[in-house]
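Values quoted throughout were computed directly from the atomic coordinates according to the rules given, and no laboratory measurement underlies them. The structure presented is a predicted model; accordingly, all values stated were derived computationally and were not measured. We place every Cβ from the backbone using ideal geometry, glycine too, and count neighbours over all the protein chains shown.
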Amino acid sequence: MAVQQGGFKPGGGFNKPGGGGGFNKPGGFNKGGFRGRFVPRKEAEHRINNFIRVPQVRLVGDNIEPGVYNTQDALRMAQDQQLDLVEISPTADPPVCKIIDYNKFLYDKKKKEKEMKAKSKTAEVKEIRFTPNTDDHDFDFKAKHAENFLKDGNKVKAYVQFKGRAIQFQERGQLLLLKFAERLNEFGTLESMPKMEGRRMLAMFAPKSQKKKA
């Protein structure tokens, strides 16, 4: 659906759109303008429809013959398709325009930006704690959490905490972390062999890139 446009007054501000002001009933165009609910503000990102003041534009896109057109002809083409003439490259000579649904264009652009922002979020390091005597049930429970962390793109720091005399069971802790690495193999990569830091044995896991299934 196209966007409603008015003209500029010589001294600033806007003239009312043709046809007595306001919108016509659904199903028709206002005289000298375009129908639609979205009215771009002066700080809009793109010039559209009657805000495009140059004499000629270069049209690109679907359902048109690409080339240089008189701007009024390009506006009529957009009107015939009940769409908007949108300036996408104002610095070109002549400016490059597309005939599109501007409301849909803005919606798709905002959606794409939101998705890109979500994908580019900073990865976190999630910690998983074990003891030398961690039982199978607790091991499976923590492994499932670690799998979810890795699938979300986060790193996982797994460690075995040795308290008191448990420090003598370092080999047991190493075997546990290697078993953990085997369990996470589908989703994460063990960055280095388990190593002691103080009274903890650490292992760091990085997420694997998830390939889409066909």
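For the reader, a short list of remarks on this structure follows.
- Computed label-point distance, nm, for sites R129 and R199 using a 7 Å Cα→Cβ extension: 1.2
- Among D138, D62, the ranking by other beta carbons within 10 Å of each residue's beta carbon, starting with the fewest, stands as D62, D138.
- Violating pairs (Cα-Cα greater than 22 angstrom) within the set K112/K208; K114/K142; K142/K195; K142/K179; K155/K179; K104/K151: K112/K208; K114/K142; K104/K151
- Alpha-carbon Debye profile of region 125-207, log10 I(q)/I(0) at 0.19, 0.25 Å⁻¹: -0.73, -1.22
- Among V54, V68, V96, the order by Cβ neighbours within 10 angstrom, fewest to most, reads V68, V54, V96.
- What the Cβ-Cβ distance of D136 and E115 gives, at R0 = 35 Å and to the nearest 0.05, is a FRET efficiency of 0.35.
- Percent of beta bridges antiparallel (DSSP, region 74-184, rounded to nearest 5): 45
- Gyration tensor analysis over the Cα atoms of region 61-113 returns equivalent ellipsoid semi-axes of 20, 14, 9 Å (largest first, whole Å).
- Packing-based exposure ordering (other Cβ within 10 Å, fewest first) of S209, S89: S209, S89
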